[in-house]
């Protein structure tokens, strides 16, 4: 979603993979005040996202098993353009930079690629909002701490919750914490952990291993405008009998700058083309 909500449920989506979550043991009672805080935060986020038309340029540092990659990203009303700048701490070679520029130009001049990106983004937004709306009722909530700046709330699965989709059933195997920032009632962070294995077909066709974790951090970039600045996903398992699943990814976003509303994809590509390959290394 535009305000960065998709990342709050991204890890939940990754964990699900059409798996069936088994029932969990009976949990503690629901704290009505804590549940209402979450309900208010969810409503606030959905309304803020609806009104957010900002676009940003930022740096994304992604760490995976195969290495560390730094990208420069420019958002526009027509889509986002991304260029790899560094790999494992080193600037790209001229040949690799030429490949990146060629890929970007292909995207800028290919309506089908742009349409696919928009469809994928819309689907992510829809999934994020649907799962966000489920948060207050899918868990039992308690206030963990309360300060003038923020309220931390812990959650465990609510055994009475009936998941409306296969994806939502992963809720039945998660526990974690949300921090709601005051006074805006914005979700500042969310983290969770699989408290038991998640299986599909009694484990014959899929299993996500207990202990998998995710976390998302967000911050305000402008009044009422929040964006994800960090996301961490670490899960392990397998599906379809033998295929191993490993989602090990950490992403940190920095150096946010507003993109003018009139920026076109071609202008975004030109901005990235003018970015010197080594210019980010001094900023890290």
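Quick note: the coordinates plus some simple rules give every number you see, no bench work behind them. A quick note: this is a predicted structure, and the numbers were derived from the prediction, not measured. Cβ sites come from the backbone with ideal geometry, for glycine too, and all protein chains shown count toward neighbours.
Overview of values
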| item | result |
| --- | --- |
| R0 of 22 Å, Cβ-Cβ distance residue 43-residue 149: FRET efficiency to nearest 0.05 | 0.60 |
| Förster radius 45 Å - calculated FRET efficiency between residue 29 and residue 255, Cβ distance, rounded to 0.05 | 0.50 |
| FRET efficiency, 1/(1 + (r/R0)^6) with R0 30 Å, evaluated for residue 248 and residue 51 via beta carbons | 0.25 |
